[in-house]
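Visitor: This is the structure I have questions about; it appears just below.
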Amino acid sequence: MEFIKSAASITYKIFSQTVYLLSLYYLILSFFGIIKFKEKKDYKKIKKFAVIVAAHNEKNVIRDAVNSLNILDYPKDKYDVYVIADNCDDNTAEIAKDAGAIVYERREPNLRGKGFALEWMFAKLFKLDKTYDAVVIFDADNLVSGNFLTQMNNKLCQGFKVVQGFLDSKNPEDTWITGCYSISFWSSNRMFQLSRSNLKLSNQLGGTGFAIDTEILKKLGWGATCLTEDLEFTCKLVLNGYKVGWAHNARVYDEKPLTLKQSWNQRKRWMQGFADVYSRYFFKLIKKGIKDLDFKAIDCAIYSIQPVVLILFSLSALFGYAASIGNSYKILIHLSTYISQFKMNFDLMSIALVLVVILQYIYTPFLLILDKRLNFKIFIYYLIYPFFALTWLPICIQGIIHKNDKEWNHTKHTRSIDISDIEKAN
């Protein structure tokens, strides 16, 4: 019995210290996203882009995506819009052609997923007589701000080889799920992406809305064909001494899932991909970080274990809620004693919980107000947000358990909206 108690005590100490350190790390990191610096200068629009949209049965949204790309504020002779109609059995290809895109139809049902489709498309591009300075990747449900390529051009001219744009939401008020998703993305863009940019760390690719220098793509190869190809390529870049830049003013409006079921399946796929990637890259990144004194690699390694971090934070929150209920009961029973002799007894778990609460439930609304995102409806969704956050616990556990399951599940997109309507609202 004593052995069990001792083992449980040691386990709890390790758990509480890990949660405390991670909470402190993320809180300190987030502070560097409060300030948004102005761009130093605009560069001549000299970069040529191959804009690639990956689409699988996207007849409902592909026209809107192509239309938003056709009207970008960038010289028309310096970019082309390509659509990969990937294993489609609807009229996605015909609609994309009619909207003005150059369409490539791919039929490889045994190699499903955006990572495989992109690798196939890159090989096609490299064989063309026409050359491009960079490729830009989008999903078929995306709408793109008019300044997107201008911002990418600026960052590439500054010397960045890979640049991620701001991932926004085109349907934040459709349902409580889209509202919670949007809050999560908005806060992450400011707390962690902008902060990493300000600290000169590597940003993280977000799956869409990013540019890659063509020579770097040829040099390193794509090779990212898992369920989270964006994370895999980010790790590959950092291991090879490169970092991802951040274009805060280049907006990509992404369609968020409408229902908890759709959201669950999508996030489970993400966590499966994360678990797969960190099992292959985590220790390589840690080794590089220690050997080369490269904190970018350490930070990327920490980011790669997101499923583990979310599980730890969720368990910490649950333990905290349970302890709060227990303490509240004790205080009510012995109210006179607590009033006459006020006592506070903090341990690392308590401090960690306070840090998580500050980060998520106090600091996040402040940033939403700073970005002018917090209207009444979003505030109501924010009150529901803790429940949404706790759903990450079973999702992450499922993702880790099924990390070797490479089956790709398509998220259906239906929200047709014009980019001009979004940009008017913003």
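Where a number appears in this text, it was derived from the coordinates with a stated rule and is not lab data. These figures come from a predicted structure and were not determined experimentally. Note that we place each Cβ from the backbone using ideal geometry, even for glycine, and neighbour counts take in every protein chain shown.
Visitor: Treat each spin label as a single point 7 Å out from the Cα along the C-beta direction, and report the Lys219 to Thr391 distance in nm.
Guide: Going by the 7 Å Cα→Cβ label model, 4.2 nm.
Visitor: Then there's this: Mind listing the phi-derived Karplus ³J(HN,Hα) values for the range 298-314, rounded to whole Hz, using 6.51, -1.76 and 1.60 with θ = phi - 60°, and x for any glycine or proline?
Guide: Along the range 298-314, the couplings run 4, 4, 5, 4, 4, 5, 5, 8, 3, x, 5, 4, 5, 5, 4, 5, 5 Hz.
Visitor: From largest to smallest, what semi-axes in whole angstrom does the range 1-86 give when each is the square root of 5 times an eigenvalue of its alpha carbon gyration tensor?
Guide: Its equivalent ellipsoid spans semi-axes of 51, 24, 10 Å.
Visitor: With charges set only on the Cβ (+1 for Lys and Arg, -1 for Asp and Glu), what does the dipole of the chain come to about its Cα centre, in debye to the nearest 20? Intermediate results must be reported in sequence, preceding the final value.
Guide: Details: 54 positive and 41 negative charges, 235 e Å.
The dipole magnitude comes to about 1120 debye.
Visitor: Expressed as a whole number of Å, what is the distance separating the alpha-carbon centroids of the range 12-47 and the range 195-240?
Guide: Distance between centres, Cα-based: 18 Å.
Visitor: What are the ³J(HN,Hα) couplings of the range 80-89, residue after residue, when phi is run through the Karplus curve with 6.51, -1.76, 1.60 and θ = phi - 60°? Round to Hz, x for glycine and proline.
Guide: Along the range 80-89, the couplings run 10, 9, 10, 10, 8, 7, 8, 6, 7, 10 Hz.
Visitor: Now for a separate question. Please enumerate, by chain and number, the aspartates and glutamates with C-alpha under 17 Å from the C-alpha of Lys155, excluding those fewer than 8 residues away in the same chain.
Guide: List returned: Glu39, Asp42, Asp73, Asp133, Asp213, Glu215.
Visitor: Moving to a separate point now. Rounded to the nearest 5, what % of DSSP beta bridges with both residues in the chain are antiparallel?
Guide: So the antiparallel bridges amount to about 25 percent of the total.
Visitor: Let a ≥ b ≥ c be the square roots of the eigenvalues of the Cα gyration tensor of the range 97-168; is it rounded (a/c under 1.5), or, if not, prolate (a/b larger than b/c) or oblate?
Guide: prolate
Visitor: Okay, moving on. PRE reach from Asp371 (point 7 Å along Cα→Cβ): which of the range 1-44 fall under 12 Å by backbone N?
Guide: Counting only backbone N, you get 33-34.
Visitor: Let me ask you something else. If R₀ is 22 angstrom, what is the calculated FRET efficiency for the pair Ala123 and Lys412, using the beta carbon separation as r and rounding to 0.05? Walk me through the numbers before you get to the answer.
Guide: Numbers: r = 28 Å, r/R0 = 1.29.
Calculated transfer efficiency: 0.20.
Visitor: For the chain, what does the helix formula give at 222 nm: sum of -39500 (n - 2.57) over DSSP H segments with n ≥ 4, over the residue count, nearest 500 deg cm²/dmol? List each step's numbers first, then the result.
Guide: Working: 18 runs with 230 residues, N = 426.
The per-residue figure over the chain is -17000 deg cm²/dmol.
Visitor: Sticking with this structure for a sec: Starting at the first residue of the range 255-264, write each ³J(HN,Hα) from the Karplus equation 6.51 cos²θ - 1.76 cosθ + 1.60 with θ = phi - 60°, in whole Hz, x for Gly and Pro.
Guide: 7, 8, x, 8, 10, 4, 4, 4, 4, 4
Visitor: Stretched out fully, how many nm does the piece from Lys284 to Leu27 gain, at 0.36 nm a residue minus the Cα gap?
Guide: Values: separation 257, 0.36 × 257 = 92.52 nm, distance 2.55 nm.
Gain on extension, Lys284 to Leu27, equals 90.0 nm.
Visitor: Run the reach check for Lys38 against aspartates and glutamates, Cα to Cα strictly under 16 Å, same-chain hits fewer than 8 apart removed. What comes back?
Guide: Qualifying aspartates and glutamates at Cα under 16 Å: Asp371.
Visitor: Next question, about the same structure. Any chance you could tell me what percent of the C-alpha pair distances in the range 9-144 go past 19 Å?
Guide: 62 percent
Visitor: Something else now. Per residue, what volume in Å³ does the Cα convex hull of the chain take up?
Guide: 167 Å³
Visitor: Give a quick list of chymotrypsin sites (Phe, Trp or Tyr not before Pro) in the range 5-45 that DSSP marks as loop, anything other than H, G, I, E or B, with at most 12 other Cβ atoms within 10 Å.
Guide: Values: sites: Tyr12, Phe15, Tyr20, Tyr25, Tyr26, Phe31, Phe32, Phe37, Tyr43; in loops: Phe32, Phe37, Tyr43.
Sparse-neighbourhood loop chymotrypsin sites (Phe, Trp or Tyr not before Pro): Phe37.
Visitor: Considering only Cα-Cα distances, which of the following residue pairs are longer than 29 Å: Lys41/Lys291; Lys13/Lys36; Lys44/Lys412; Lys243/Lys406; Lys377/Lys412; Lys59/Lys124?
Guide: Beyond 29 Å between Cα atoms: Lys41/Lys291; Lys13/Lys36; Lys44/Lys412.
Visitor: Here is a further query. Along the charge dipole of the chain, which of Ser263, Phe15, His402 sits closest to the positive end, that is, farthest toward it, with unit charges on the beta carbon of Lys, Arg, Asp and Glu (+1, +1, -1, -1)?
Guide: Phe15
Visitor: Could I ask something else about it? How large is the convex hull of the Cα atoms of the range 145-235 per residue, expressed in Å³ as a whole number?
Guide: It comes to 112 Å³ per residue, whole-number rounded.
Visitor: Find the all-direction average of the projected area of the Cα convex hull for the range 188-294, expressing the result in square nanometres with one decimal place.
Guide: Result: a mean projected hull area of 7.8 nm².
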